[in-house]
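Participant: Quick one: this structure, given as structure tokens, is what I'll be asking you about.
The values are calculated or read from the model by the stated rules, or taken from the named source; none is laboratory data. Just so we're clear, the structure is a prediction, and the values are computed from it rather than from any experiment. Using ideal geometry, Cβ is built from the backbone for each residue, glycine included, and neighbour counts are taken over all protein chains shown. When the accessible area is computed, the model is the full protein with side chains, heavy atoms only, and any ligands, DNA or RNA have been set aside. Shrake-Rupley method; radii C 1.70, N 1.55, O 1.52, S 1.80 Å.
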Amino acid sequence: AAAFGSASAQTQAPASVKPLIGFGMTFGGDTLVSGNYSNGDSWKISSGGLFVFYAGAEFAVSNEFAVQATLGYHTDRVSGDNGSVRFSRVPLDLVGLYKVNPQVRLGGGLQHASSPKVSGSGILGGINGEFKASTALVLEGEYLFSDKLGVKGRYVGHKFKAANGSASVNGDHIGVLMNYYF
């Protein structure tokens, strides 16, 4: 029995938890608001952009499979001398990753984006709108430079419905993210 227990312990990797932080840039989705600066340059806010920051943890299930849970802030914002406007949301991700080789992992999961809203200030203060929370599919691949640093390519397929039910917008986006593992 002792030999069986010893062999069983050697075949399973001990459970480990790695805290992580990350950031990235995303592109896509529908244009929510657009305009021109006073110099004539144009700007736009999209439902799939632009910057995302997050923190969480990775849970090693086995040597080949891990699960990541993160909470973040995702925003697209423009500002000028007399006003600003942004689209923001709070994404909660749960993603499983399978190790293809020591540097490459592929995976998928779900993202729940809560509190999606458009808000303006200054001359753009009349631009406001809230959306219902949205849950979407996440597909991603990660290249690990080391056990501390990885870069991800990601697709997320959101659809945001206006809180008043009047319309919906496509929030699908692709992104490039950088993770740091502690």
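Participant: Could you please state, rounded to a whole Å, how far the C-alpha centre of the range 55-115 is from the C-alpha centre of the range 16-43?
Facilitator: 14
Participant: Give me the angle, in degrees from 0 to 90, between the Cα long axis of helix 2-11 and the longest principal axis of the Cα atoms of the chain, rounded to the nearest 10.
Facilitator: Here the helix axis deviates by roughly 30 degrees.
Participant: Follow-up. Could you tell me what a quarter of the Cα convex hull surface of the chain works out to, in nm² with one decimal place? Please list the in-between numbers first.
Facilitator: Values: hull surface 51.5 nm².
Value for the chain: 12.9 nm².
Participant: Determine the order of THR31, THR26 by accessible area, beginning with the largest, at a probe radius of 1.4 Å. Please list the in-between numbers first.
Facilitator: Details: THR31 75, THR26 5 Å².
Reading off the accessible areas and sorting them downward yields THR31, THR26.
Participant: Would you check the chain for Lys pairs whose C-alpha atoms are within less than 20 Å, ignoring same-chain pairs closer than 8 in sequence, and give me the count?
Facilitator: 13
Participant: Which whole-number percent gives the relative contact order of the chain, counting Cα pairs below 8 Å spaced six or more residues apart?
Facilitator: Taking the mean separation of contacting Cα pairs over the length of the chain, I get 20 percent.
Participant: Which value, in debye to the nearest 20, describes the size of the charge dipole of the range 44-182 about its Cα centre when Lys and Arg Cβ atoms bear +1, Asp and Glu Cβ atoms bear -1, and nothing else is charged? List each step's numbers first, then the result.
Facilitator: Values: 13 positive and 10 negative charges, 61 e Å.
Dipole about the Cα centre, nearest 20: 300 debye.
Participant: Moving on to the next point. Just to make sure I understand: if all protein chains stay in place, what is the order of PHE87, PHE65 by accessible area at 1.4 Å, largest first? Can you show the working numbers first?
Facilitator: On the way: PHE87 0, PHE65 80 Å².
Per-residue accessible area, sorted high to low, gives PHE65, PHE87.
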